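Reading through the C-alpha coordinates given below for one structure.
The values are calculated or read from the model by the stated rules, or taken from the named source; none is laboratory data. Keep in mind that what you see is a predicted model, and the values were worked out from it rather than measured. In this analysis, Cβ positions are derived from the backbone assuming ideal geometry, glycine residues included, and neighbour counts consider all displayed protein chains. SASA here: full protein model, heavy atoms, side chains in, ligands and nucleic acids out. Shrake-Rupley method; radii C 1.70, N 1.55, O 1.52, S 1.80 Å.
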Amino acid sequence: MPSDLCCPIVELRQYTVYPERRDDLITLFDRELVESQEVLGMRLIGQFRNLDAPGRFVWIRGFADMATRHEALTAFYTGPVWKEHAAAANVTMIDIDDVHLLHPAGAGSGFPFPGVGGDVASARPPAGATLTPSSLVSVVVYPVVGDLRAFGRFFAAEVEPALGVTPLARLETDTSPNTFPSLPVRAGVNVFAWAARFDDAPAHAVHLAEWERQTALRAELDRRLSAPPVTLRLAPTARSLLR
(Lines give C-alpha, C1' and ligand atoms only; values in the text may rest on other atoms or scores of the structure.)
Protein backbone atom coordinates (compact mmCIF):
# COMPACT_ATOMS: atom_id res chain seq x y z
CA MET A 1 0.00 0.00 0.00
CA PRO A 2 1.76 3.24 -1.11
CA SER A 3 2.40 5.84 1.56
CA ASP A 4 0.06 8.37 -0.07
CA LEU A 5 -2.78 5.85 0.13
CA CYS A 6 -2.80 5.25 3.86
CA CYS A 7 -5.61 4.96 3.95
CA PRO A 8 -8.46 5.82 1.56
CA ILE A 9 -10.82 3.54 3.51
CA VAL A 10 -10.63 3.38 7.31
CA GLU A 11 -12.55 1.39 9.90
CA LEU A 12 -12.79 2.80 13.43
CA ARG A 13 -13.68 -0.35 15.36
CA GLN A 14 -14.87 -0.17 19.00
CA TYR A 15 -15.39 -3.57 20.57
CA THR A 16 -17.21 -4.22 23.82
CA VAL A 17 -15.28 -6.90 25.67
CA TYR A 18 -15.32 -8.49 29.09
CA PRO A 19 -13.16 -6.11 31.16
CA GLU A 20 -11.26 -8.95 32.79
CA ARG A 21 -10.50 -10.41 29.33
CA ARG A 22 -9.41 -7.26 27.50
CA ASP A 23 -5.70 -7.89 28.11
CA ASP A 24 -6.11 -11.47 26.91
CA LEU A 25 -7.54 -10.20 23.63
CA ILE A 26 -4.79 -7.59 23.25
CA THR A 27 -2.06 -10.16 23.87
CA LEU A 28 -3.58 -12.47 21.25
CA PHE A 29 -4.18 -9.63 18.83
CA ASP A 30 -0.65 -8.21 19.03
CA ARG A 31 0.90 -11.66 18.72
CA GLU A 32 -1.23 -13.28 16.02
CA LEU A 33 -3.53 -10.81 14.24
CA VAL A 34 -1.32 -7.98 13.01
CA GLU A 35 1.01 -9.24 10.29
CA SER A 36 -1.51 -11.95 9.37
CA GLN A 37 -3.93 -9.20 8.27
CA GLU A 38 -1.35 -6.89 6.73
CA VAL A 39 0.03 -9.60 4.46
CA LEU A 40 -3.43 -9.78 2.87
CA GLY A 41 -3.55 -6.07 1.98
CA MET A 42 -4.84 -4.42 5.15
CA ARG A 43 -3.06 -1.81 7.24
CA LEU A 44 -3.29 -2.10 11.01
CA ILE A 45 -3.07 1.59 11.92
CA GLY A 46 -3.46 1.16 15.66
CA GLN A 47 -4.92 -0.84 18.51
CA PHE A 48 -5.75 0.63 21.90
CA ARG A 49 -7.18 0.35 25.38
CA ASN A 50 -9.93 2.91 25.97
CA LEU A 51 -8.74 4.59 29.16
CA ASP A 52 -12.28 5.54 30.19
CA ALA A 53 -13.93 2.18 29.54
CA PRO A 54 -12.21 -1.01 30.73
CA GLY A 55 -14.66 -2.99 28.61
CA ARG A 56 -13.66 -1.36 25.32
CA PHE A 57 -10.95 -2.37 22.86
CA VAL A 58 -10.50 0.05 19.97
CA TRP A 59 -8.61 -0.51 16.77
CA ILE A 60 -8.22 1.24 13.44
CA ARG A 61 -7.77 -0.65 10.19
CA GLY A 62 -7.18 0.75 6.71
CA PHE A 63 -7.58 -0.36 3.09
CA ALA A 64 -6.55 0.93 -0.32
CA ASP A 65 -10.16 0.83 -1.57
CA MET A 66 -13.44 -1.02 -1.04
CA ALA A 67 -12.55 -3.80 -3.48
CA THR A 68 -9.36 -4.48 -1.56
CA ARG A 69 -11.35 -4.44 1.67
CA HIS A 70 -13.71 -7.12 0.41
CA GLU A 71 -10.91 -9.32 -0.90
CA ALA A 72 -8.75 -8.93 2.21
CA LEU A 73 -11.55 -9.53 4.70
CA THR A 74 -12.74 -12.58 2.78
CA ALA A 75 -9.24 -14.02 2.69
CA PHE A 76 -8.57 -13.37 6.37
CA TYR A 77 -11.85 -14.52 7.89
CA THR A 78 -11.91 -17.70 5.82
CA GLY A 79 -8.20 -18.30 6.24
CA PRO A 80 -6.10 -20.44 8.57
CA VAL A 81 -5.03 -17.78 11.08
CA TRP A 82 -8.56 -16.71 11.98
CA LYS A 83 -9.76 -20.30 12.02
CA GLU A 84 -7.01 -21.11 14.52
CA HIS A 85 -7.56 -18.13 16.82
CA ALA A 86 -11.23 -17.17 16.38
CA ALA A 87 -12.48 -19.11 19.39
CA ALA A 88 -9.88 -17.59 21.71
CA ALA A 89 -10.67 -14.09 20.43
CA ASN A 90 -14.45 -14.44 20.43
CA VAL A 91 -14.63 -15.63 24.02
CA THR A 92 -13.28 -12.23 25.14
CA MET A 93 -15.88 -10.21 23.21
CA ILE A 94 -19.47 -9.12 23.85
CA ASP A 95 -20.17 -6.94 20.78
CA ILE A 96 -18.17 -5.95 17.68
CA ASP A 97 -20.76 -3.95 15.74
CA ASP A 98 -19.74 -0.39 16.75
CA VAL A 99 -17.81 0.38 13.58
CA HIS A 100 -17.54 3.58 11.55
CA LEU A 101 -16.55 3.20 7.89
CA LEU A 102 -14.63 6.34 7.00
CA HIS A 103 -12.48 8.01 4.38
CA PRO A 104 -10.18 11.07 4.56
CA ALA A 105 -12.12 14.31 4.67
CA GLY A 106 -9.90 15.88 2.03
CA ALA A 107 -6.54 15.72 0.29
CA GLY A 108 -3.76 15.04 2.78
CA SER A 109 -6.10 14.42 5.69
CA GLY A 110 -5.52 10.69 6.11
CA PHE A 111 -2.69 9.27 8.25
CA PRO A 112 0.42 10.71 6.54
CA PHE A 113 2.93 10.21 9.35
CA PRO A 114 6.03 7.97 9.60
CA GLY A 115 5.21 4.35 10.13
CA VAL A 116 1.58 4.40 9.10
CA GLY A 117 2.49 5.93 5.75
CA GLY A 118 5.99 4.49 5.40
CA ASP A 119 8.09 1.53 6.42
CA VAL A 120 5.83 -0.47 8.71
CA ALA A 121 8.37 -3.20 9.38
CA SER A 122 10.85 -0.78 10.97
CA ALA A 123 8.25 1.41 12.70
CA ARG A 124 6.16 -1.22 14.47
CA PRO A 125 7.63 -2.84 17.59
CA PRO A 126 8.50 -6.48 16.89
CA ALA A 127 6.42 -9.49 17.80
CA GLY A 128 6.80 -10.22 21.49
CA ALA A 129 7.10 -6.55 22.49
CA THR A 130 5.38 -5.83 25.80
CA LEU A 131 6.40 -2.26 26.64
CA THR A 132 3.47 0.12 26.16
CA PRO A 133 4.20 3.77 25.33
CA SER A 134 3.19 6.65 27.61
CA SER A 135 1.60 8.49 24.70
CA LEU A 136 -2.13 8.97 24.31
CA VAL A 137 -4.11 9.02 21.09
CA SER A 138 -7.30 11.04 21.10
CA VAL A 139 -10.07 10.40 18.59
CA VAL A 140 -13.04 12.78 18.58
CA VAL A 141 -16.18 11.76 16.70
CA TYR A 142 -18.80 14.36 15.76
CA PRO A 143 -22.26 13.20 14.59
CA VAL A 144 -22.99 15.85 11.98
CA VAL A 145 -26.28 17.41 10.94
CA GLY A 146 -26.34 18.27 7.26
CA ASP A 147 -23.52 18.28 4.75
CA LEU A 148 -20.27 16.65 5.87
CA ARG A 149 -18.17 18.70 3.47
CA ALA A 150 -19.59 21.92 4.85
CA PHE A 151 -18.81 20.73 8.36
CA GLY A 152 -15.28 19.86 7.25
CA ARG A 153 -14.78 23.39 5.94
CA PHE A 154 -16.09 24.82 9.22
CA PHE A 155 -13.77 22.54 11.19
CA ALA A 156 -10.72 23.51 9.12
CA ALA A 157 -11.45 27.24 9.23
CA GLU A 158 -12.76 27.68 12.77
CA VAL A 159 -12.20 24.67 15.01
CA GLU A 160 -8.79 23.33 14.08
CA PRO A 161 -6.95 26.65 14.66
CA ALA A 162 -8.39 26.73 18.20
CA LEU A 163 -7.56 23.14 19.14
CA GLY A 164 -3.96 23.77 20.15
CA VAL A 165 -2.91 20.56 18.38
CA THR A 166 -2.60 19.56 14.75
CA PRO A 167 -4.72 16.50 13.89
CA LEU A 168 -2.96 13.50 12.47
CA ALA A 169 -6.06 12.67 10.45
CA ARG A 170 -9.46 14.12 9.61
CA LEU A 171 -12.03 11.59 8.45
CA GLU A 172 -15.69 11.43 7.49
CA THR A 173 -18.31 8.74 6.94
CA ASP A 174 -17.93 6.69 3.77
CA THR A 175 -21.32 5.71 2.39
CA SER A 176 -20.11 2.85 0.17
CA PRO A 177 -22.22 -0.30 0.54
CA ASN A 178 -20.75 -2.72 3.03
CA THR A 179 -19.79 -5.65 0.81
CA PHE A 180 -18.68 -7.79 3.77
CA PRO A 181 -21.95 -7.91 5.75
CA SER A 182 -20.74 -10.43 8.32
CA LEU A 183 -18.81 -7.49 9.76
CA PRO A 184 -21.49 -4.77 10.13
CA VAL A 185 -20.75 -1.05 10.04
CA ARG A 186 -22.88 1.75 11.42
CA ALA A 187 -25.51 3.04 9.01
CA GLY A 188 -27.75 6.09 9.05
CA VAL A 189 -25.29 8.39 10.81
CA ASN A 190 -22.82 10.84 9.31
CA VAL A 191 -19.75 11.56 11.38
CA PHE A 192 -16.63 13.66 11.14
CA ALA A 193 -13.69 12.40 13.17
CA TRP A 194 -10.21 13.60 13.92
CA ALA A 195 -7.25 11.93 15.61
CA ALA A 196 -4.27 13.44 17.40
CA ARG A 197 -1.33 12.22 19.43
CA PHE A 198 -0.31 13.56 22.84
CA ASP A 199 2.85 12.79 24.80
CA ASP A 200 0.84 11.55 27.76
CA ALA A 201 -2.49 11.84 29.56
CA PRO A 202 -1.57 15.10 31.38
CA ALA A 203 -0.77 16.75 28.03
CA HIS A 204 -4.16 15.71 26.73
CA ALA A 205 -5.81 17.07 29.89
CA VAL A 206 -4.21 20.47 29.22
CA HIS A 207 -5.61 20.39 25.69
CA LEU A 208 -9.10 19.59 27.01
CA ALA A 209 -8.96 22.40 29.57
CA GLU A 210 -7.97 24.90 26.89
CA TRP A 211 -10.74 23.67 24.59
CA GLU A 212 -13.31 24.06 27.38
CA ARG A 213 -12.52 27.78 27.45
CA GLN A 214 -13.67 28.12 23.82
CA THR A 215 -17.28 28.61 24.92
CA ALA A 216 -18.65 30.44 21.89
CA LEU A 217 -16.89 28.20 19.39
CA ARG A 218 -18.05 25.03 21.14
CA ALA A 219 -21.61 26.33 21.10
CA GLU A 220 -21.39 26.99 17.36
CA LEU A 221 -19.94 23.53 16.81
CA ASP A 222 -22.68 21.87 18.89
CA ARG A 223 -25.31 23.61 16.79
CA ARG A 224 -24.09 21.59 13.82
CA LEU A 225 -24.32 18.22 15.60
CA SER A 226 -27.13 15.74 16.15
CA ALA A 227 -25.64 14.54 19.46
CA PRO A 228 -22.71 15.43 21.70
CA PRO A 229 -19.26 14.60 20.34
CA VAL A 230 -17.54 11.47 21.63
CA THR A 231 -13.95 11.79 22.78
CA LEU A 232 -11.92 8.58 22.99
CA ARG A 233 -8.81 8.61 25.16
CA LEU A 234 -6.78 5.72 23.80
CA ALA A 235 -3.64 4.07 25.17
CA PRO A 236 -1.65 2.33 22.40
CA THR A 237 -0.88 -1.34 22.88
CA ALA A 238 2.70 -2.55 22.78
CA ARG A 239 2.60 -3.16 19.00
CA SER A 240 0.31 -0.35 17.86
CA LEU A 241 1.75 1.46 14.86
CA LEU A 242 0.00 4.66 15.88
CA ARG A 243 1.56 5.54 19.23
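Probe radius 1.4 Å, ligands and nucleic acids ignored: give me the carbon and sulfur share of the accessible area of the chain as a rounded percent.
Carbon-and-sulfur percentage of accessible area, whole number: 56.
Based on Cα positions only, what radius of gyration and what Dmax would you give for region 191-243, in angstroms?
Cα radius of gyration and Dmax of region 191-243 are 13.5, 40 Å respectively.
Rounding to the nearest 10 and keeping the result within 0 to 90°, find how far the Cα-based axis of helix 66-77 lies from the longest principal axis of the chain.
40 degrees
Between beta-carbons, use under 14 Å as the cut-off and find the net charge around THR27, counting Lys and Arg +1, Asp and Glu -1.
Details: positive: ARG21, ARG22, ARG31, ARG49, ARG239; negative: GLU20, ASP23, ASP24, ASP30, GLU32.
Around THR27, the surrounding residues sum to 0.
Percent relative contact order of the chain, based on C-alpha pairs within less than 8 angstrom and at least six residues apart?
Relative contact order for the chain comes out at 30 percent.
Given charges of +1 on the Cβ of Lys and Arg and -1 on the Cβ of Asp and Glu, with all other atoms neutral, how large is the dipole of region 177-243 about its Cα centre, in debye to the nearest 20?
Charge dipole, region 177-243, about its Cα centre: 220 debye, nearest 20.
Cα centroid distance between region 73-114 and region 180-243, in Å?
If we compute the Cα centre of each part, the gap is 19 Å.
With a Cα-only, solvent-free Debye model of region 11-147, what are the log10 I(q)/I(0) values at q = 0.22 Å⁻¹?
Values returned for q = 0.22 Å⁻¹ are -1.82.
Kindly give Rg over Rh for region 112-243, based on alpha-carbon atoms, with the Kirkwood expression for the hydrodynamic radius.
1.00
Cβ under 11 Å from VAL91's Cβ, VAL91 left aside: what net charge do those residues give with Lys, Arg +1 and Asp, Glu -1?
0
So, for region 85-213, what is the accessible surface per residue at a probe of 1.4 Å, expressed in square angstrom? The partial results should precede the final answer.
On the way: 6050 Å² over 129 residues.
With the other protein chains kept in place, region 85-213 gives 47 Å² per residue.
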